[in-house]
Every structure is written in structure tokens, then in C-alpha cells.
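Worksheet: the structure to be examined is printed underneath.
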Amino acid sequence: MLREDPNAVPPPSPGPAHRRLDSWKEIAAYLKRDVSTVQRWEKRESLPVYRHVHEKLGTVYAFEPELDAWWNNRRRHVEPQTGSNGIRPGWLAAGAAILIGGVILAWSGRTLLRWQRAPDRSEIVTRRIWTGPDLSSLGTVSPDGRRLVYRDPETADLAIREIVTGEQRRLTRKPPKARTGGAESPTFSPDGKRIAYSWDQAFYYELRLIESDGSGERVLYQDAEVFFIAVADWSPDGQHILATFVRKDRTHQIVLISVVDSSVRVLKTLDWRSPSRMNFSSDGRFIAYDCPPRDDSPARDICLVSITDGRQITLVEHPADDYLLGWTPDGKGVLFASDRTDAVDAWLIQIGGGKPQGAPLLVKKDIGSVWPVGFARSGAYYYGVQTSKEEVYLAELDPATGRIASDPAPVARRFAGFNRSPDWSPDGRRLAYVSQRTPATRWPTPRIILRWTKTGEERELRPKLNFVEMLRWSPDARSFLAMGSDMKHQHGLFKVDAETGDASPVVQSDQPSAMFHAPAWSPDGRTIFYKLRNKGMEPAPLLVRDLETGREKQVLPSVYRFDLSRDGKWLAFSSFDEQFEFLGIKPAGGGEVRELYREPRSGRIYSVAWTPDGRYLLFSKKGQLWRIPAAGGEPEKLPLTMTALRELRPHPDGKRIVFTAGAAKAEVWAMENFLPAR
């Protein structure tokens, strides 16, 4: 088993914000490795290196903050094995523990020190076992640590991967052209022979069981009033499934479903709030979960609930966000992640009789915003880590030629890879974007970051919403129009105050399948345009709504992306059908569509934006930036290509552009030898 070399020199601390490294040599020098090593890391381990294609030559470049973030996800924290006096720190810690334990024993006649010592960090091993899955697709690890169950990101089928051999096989077969359906939250049974998972049936979810060889698939539970089912765990005896129900009235329930007769026992009702992770104790007497945020606090804590009497206690209470990672196989500890320091760390707290025993123990510094996969019986913990992430970028733009005058640079100074949905204020003095920093949770706390263009000063808003995306500044720059969901998980469009972060609904629907998308203001602020999707179906109708009267009407029957010109007179949009992708414009007040561009389907047009002077449309497809004259003409490919280039937003002066690029990819890691000796 390989361990990190304790004599290896870590990369230096980040220098000035966004300093760019412009060659393989500079990148290698920054990471203190040779060029061949960093080139191998870029090829095999997603080291964030970019390529900019010029007329004849190509160059590579990277940004120090992104390299730091990549290194922090990759590195293993190793401490020296001896102190300055030659004595092993582990012996010092053990000696201190014995001394303190003796004092406590003499004082109280008993000891609370059940864990003899924390692990020596030189003994902790982290190893990467898989590169490639989408974080949201991960399920759990089998009890023997040999297999992973997950949702295949291409087909949405249930699949299994053999960790040692890399062999993968699908257990279900979704019809190839089906637009709905798919497996979610798959979980191995305690003996590893069965898998429980939920299946999306468009307007409700089913709870299903299947043998790990793909045989014996059956529906265990379904109820049209239960809009969403998230499988969490099996009881240790394999007789019950622990799950969360989200009912059509948006009530959230923690439930146990009998594997024998499908009966349901409601353990706890949590109004419209929901835990993101739940686990049984090894004796089956308790359930640990991360408590949903309260009205008076946006932070999550770790709670325990008794199976027998429903009694609940708060296991970990702290102003920071705490997220459950898992209950240790022996049932004597709970592993959780917390951002209580300047990073997200892994902590462990001892449990005895359903109560916390002592303070939490830090077991791994800077584990990152991980996606829980679970414990194997051996005590190894499996988790997902994002490697390729989405980010907001800024580039200089020549409005006359459309050329990119400077290479794109990340906008965010912190939490690289967790940012999206940028938009300029109407006067161009501020940039707003959304920062999502906690992929470990199903409902992460949203943040809106305001950045002053001239000074770089930033402010953070935390609206009381479960989800925020696609910001659009109001014409008076006092608020945002945003797509999102409220604390009851009801989707809609919301007005967010740019000073206080207070959020109020603009338009919502009682239908759980209704999703409001891609909003835009008219210049006078009296009307808004938006798409209304049904269960995420694309393309979807484009509507306009009068904010004073609430009246709305359909503008176009089918659009994918759209943008309103700066003067509010024209709509530009992309759409597609079975054969073609096309781009067109239409008078915002009504009139005929004029098609500008059409091609056989080969990749969607992911973003459309008017230039401030109204002369051109910018659009992206296949990660490439294009422009086309609004009056008609041939499209022109601009010299900018980045993965999943989207959300194009030109600055009001036309000389700068911000956008989102990057797609979430992940690796699965295992952490071993970190549990305290007993």
C-alpha cells in the first residue's frame, strides 16, 4: 500500500490572487515537481491546466488558486513521526492520555476515555479508487468494500462497479428513448446481496429492491402522494429501509419501510426541511442524521433519534455547518464533516448509550467538500471528491472584432470550483454570482457573492432559500430575479434584495413538477420573461408576466435558451427538435420569428446573449464561443474554447465578458487507519 512520502515538499502558499502560470515549466516549478510529472497529473488526475489556441501555436496556462485547490483535494496530510527531541508524538499523546485518564479515574471513580489515542497521521492512508463518476450518481460501498453501486450518468440505470477490477455492469435497463425515469440513492443491504433504490416515475417515485446480480427486481413501495423518496440505509437486520419521504404537500418525513410487508412507520416529521444523510447505529437502536437548518440558524448540526421512543438529542451543536458522513462500523462513533475552521475537515465523536462522550476529535484536516459513500466493515471510509468543477471566468473582449483580448481568469478568490450564474449590474459596477460550497448535502446553503468591479471588494448574501441559480439584476440594481426553491422546496422565481438578501416569491406553482427557468427583466422592470418546464423537460414554453396584474401569456412555444436585448425590444433564443438546432430572434412585444442559424443536431446551443450595442448575438455550443450578426449573416467562431462554456454575460461597456465553464467530475477515495485505537 502506497503512502505519501513524508519528506515531500508541499506546494507553496498561494501568491497574489489569480497569478497565472504561463508554461509547463512555471507550473512544474510552482508544484515543485518536474515537467513530466505535472503533465502526467494533467492527463491522469485532472490537474487544472488550460490550453489557448492562437493562429499558429498553442500555449498552456494555469492559475495558482486552482492548483492549490486541486492539491488540497489530492494531498494526504502527513506529520513528522518524531518531535524535535526525538520522541514520537504518538508516545507523547499516549502518555498525556494515560496521565489525564488517571486523574479523572481518581477524581470520579470512572473514566470517560474509551478511545485510547487519536491515530498518528502518518498512519492514515487515503487512496483513489475510481475516477469519473458524477457526484450525484454515487450510492454506497458494499459492506465488504469490494463494490460500489451508483446511477450510470449516461443511461440513468442502476449499475455496480467492482473496485479491484474496474468491471462495471448495469442492473436495470431503461428504454433508450425514455425522457423520464432513472435510479437514485442506491444502497447495499447489510449482507451486500440486495440493493434498495428509488426510481423516478416522472410525477412520483417508487422504492425498489433488486438482487446485486440484477435479478428479482420488485417495487417495494409506491404512493402517488409521495413526490420524492431518498433511500438512506438498511436496518442492521436487513428488515427495514430507512428513507426520507417528500410528500406532495412538501412535508418531509423520516420513515422505516418494512422489507417484508411494505408497511411504513413514520419516525419523525420535519415540516419542509430534510436531512441530507442518515445512518443506523450497528445495534439498530439509533439513527444519526444532520439536523436541517432552523429558522434562527442556517447551519446544520448532527442529531440522534431513538428507534424505540423517538427521543432526539443534538449530538454535535456548533455555529458551523456540520454534515453527517457515517456511523462507524462498531457503532461507537460518528464521522462528520464541518467547516468550523478555515476548511472543511473530518471529525469523529464518540457515542455511548445514545449520547456524546467527550468533544469531537479532528481526524483529517481539509478533507474537502466530499460526497459520502460510506463505511466498509473494515473501517475504511469511502467518499467522493470533485476534481473538475464549474467556475465563473472573466475575459477581455474586443467589441469590434469579437476577439478575446485576454485569457479567461477565475473571478472567485476563494472556494474555487463552486461558483456559477454570473451577471453584471446595469451600470457595470458590480458583478454577482452564486457560490455553492457544500456538495455533501442535497440542499446546500446558497450564497450570492457581490463583487465590486473596480476595487474587488466582496460581500456575501445568504437568502433564506434552499436553492438559487440564474441571477438577473433588476433595472434599478436594488434586487435580483433568481430561479430557486424556498424553504418548503417549492420551486419558483424569487426577488432577492441586493442589500439584505431577503427573498420573496414572484411566481410559483402548486405543481411539484413545475420548474421556472432562465428569468429576464424588461428594462422598465414591469414585466419578466421566463421558461416554465415540466419535470425538467426541454425545450419549454417561454412566458411573459405582468408583475402588477399577474397576467401572463405565452411568447414562444419552445425555447432552450434566450436573452432580452438591452433596450427590451428583441428576444433572441435557441431551440431544437428531433433533427435540428436553431437560433432566432423575435420582437419582444409580438411578431414573427426570424431564423438566423440552423444546423443538424450535434450539440445544443447552451447560451445566448446580446452584445450591448445590439449588433450581434453571442452563443456557445460544444464549449466554443460564437457570434452572429443580429441582422443576419454567417456565424463566426471566436478563439475561446472551454469545457461546458455557458451563461454568457457581456459587460455593459462591451469590453468584458463573464461566463461559467467546467463540468463536475469526481473521484472516489478511501480513507483508512484513521479510527482511534480502543
Need the failing condition index for D345 against (1) under 19 Å from D301 (Cβ atoms); (2) touching a Pro at 6+ places or on another chain (Cβ under 7 Å), just the number.
(2)
Filtering the stretch 478-495 down to residues that are within 18 Å of S513 (Cα to Cα), part of a loop (DSSP other than H, G, I, E, B) and not polar (S, T, N, Q) yields D486, M487, K488, H489
With F245, F227 as the choices, which residue is over 21 Å from the mean Cα position of the chain (by Cα) and in contact (Cβ under 8 Å) with a residue 60 or more places away in the chain?
F227
Restricting attention to the stretch 475-494, which residues are in contact with a strand residue (DSSP E or B) (Cβ under 6 Å, 6 or more places away or on another chain) and under 15 Å from Y433 (Cα atoms)?
S479, F480, L481, A482, M483, G484
Which condition from (1) within 20 Å of G374 (Cα to Cα); (2) in contact with a strand residue (DSSP E or B) (Cβ under 6 Å, 6 or more places away or on another chain) is the one that Q239 breaks?
(2)
The condition of being surrounded by fewer than 17 Cβ atoms within 10 Å (Cβ to Cβ) and more than 30 Å from P505 (Cβ to Cβ) holds, among E548, E599, only for E599
So, L471, is that one crowded, with 16+ Cβ neighbours inside 10 Å and either in contact with a Cys (Cβ under 9 Å, 6 or more places away or on another chain) or at pLDDT 90 or above (or both) or not?
yes
Of everything in the stretch 510-550 that's touching a His at 6+ places or on another chain (Cβ under 7 Å), within 22 Å of S479 (Cβ to Cβ) and not charged (D, E, K, R), which residue is modelled with the highest pLDDT?
Y530
Of the numbered conditions (1) acidic (D, E); (2) more than 22 Å from the chain's Cα centre (by Cα); (3) crowded, with 16+ Cβ neighbours inside 10 Å, D510 fails exactly one; give the number of that condition.
(3)
Which condition number in (1) farther than 25 Å from K569 by Cβ; (2) in contact (Cβ under 8 Å) with a residue 40 or more places away in the chain is the one that I628 fails?
(1)
So E667 fits all but one of (1) assigned to a loop (DSSP other than H, G, I, E, B); (2) closer than 30 Å to G139 by Cβ; what number is the exception?
(1)
Only unsatisfied item for D233, checking (1) exposed (fewer than 15 other Cβ atoms within 10 Å of the Cβ); (2) of a type in the set (D, E); (3) within 25 Å of R146 (Cβ to Cβ), is (1)
Restricting to the stretch 390-441, give me the number of residues that are aliphatic (A, V, I, L, M), within 14 Å of the chain's Cα centre (by Cα) and modelled with pLDDT of 85 or more.
1
What residue, among those in the stretch 298-319 that are closer than 23 Å to V264 by Cα and among the hydroxyl-bearing types (S, T, Y), is surrounded by the fewest Cβ atoms within 10 Å (Cβ to Cβ)?
T308
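For (1) of a type in the set (S, T, Y); (2) outside any strand (DSSP E or B); (3) touching a residue at least 24 places away in the same chain (Cβ under 8 Å); (4) out of contact with any Asp or Glu (no Cβ under 8 Å at 6 or more places or on another chain), each residue gets a yes or a no:
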site	(1), (2), (3), (4)
I160	no, no, yes, yes
T172	yes, yes, yes, no
P186	no, no, yes, yes
P190	no, yes, yes, no
A196	no, no, yes, yes
L207	no, no, yes, yes
For the stretch 359-418, which positions are free of Cβ contacts under 8 Å to residues at least 60 places away in the same chain, outside any loop (DSSP other than H, G, I, E, B) and not assigned by TED's automatic domain parsing to the domain that holds Y323?
F418
So R265, is it part of a loop (DSSP other than H, G, I, E, B) and basic (K, R):
no
Going by the structure shown, is E167 of a type in the set (D, E, K, R) and under 21 Å from R250 (Cβ atoms)?
no
I'm trying to understand the selection: among the residues of the stretch 248-264, which are touching a residue at least 12 places away in the same chain (Cβ under 8 Å) and within 18 Å of D233 (Cα to Cα)?
H252, Q253, I254, V255, L256, I257, S258, V259, V260, S262, V264
Taking first residues from the stretch 646-658 that are without any contact (Cβ under 8 Å) to a residue 60 or more places away in the chain and crowded, with 20+ Cβ neighbours inside 10 Å and second residues anywhere that are small (G, A, S) and part of a strand (DSSP E or B), the pairs with Cβ under 6 Å that are 6 or more apart or on different chains are R646/S607; R646/S620; L648/S607; L648/A609
Are any of the residues in the stretch 571-590 in contact (Cβ under 8 Å) with a residue 60 or more places away in the chain, over 30 Å from D200 (Cα atoms) and in contact with a Ser or Thr (Cβ under 9 Å, 6 or more places away or on another chain)?
yes
Can you tell me which condition R340 does not meet? The list is (1) assigned to a loop (DSSP other than H, G, I, E, B); (2) more than 23 Å from the chain's Cα centre (by Cα); (3) of a type in the set (D, E, K, R), and all the others hold.
(2)
With respect to P329, determine if the residue is within 20 Å of F280 (Cβ to Cβ) and either surrounded by fewer than 23 Cβ atoms within 10 Å (Cβ to Cβ) or aromatic (F, W, Y) (or both).
yes
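The values are calculated or read from the model by the stated rules, or taken from the named source; none is laboratory data. Nothing here was measured: the structure is a model prediction, and the numbers come from that model. Please note: Cβ atoms are built from the backbone with ideal geometry, for glycine as well, and neighbour counts cover all protein chains shown.
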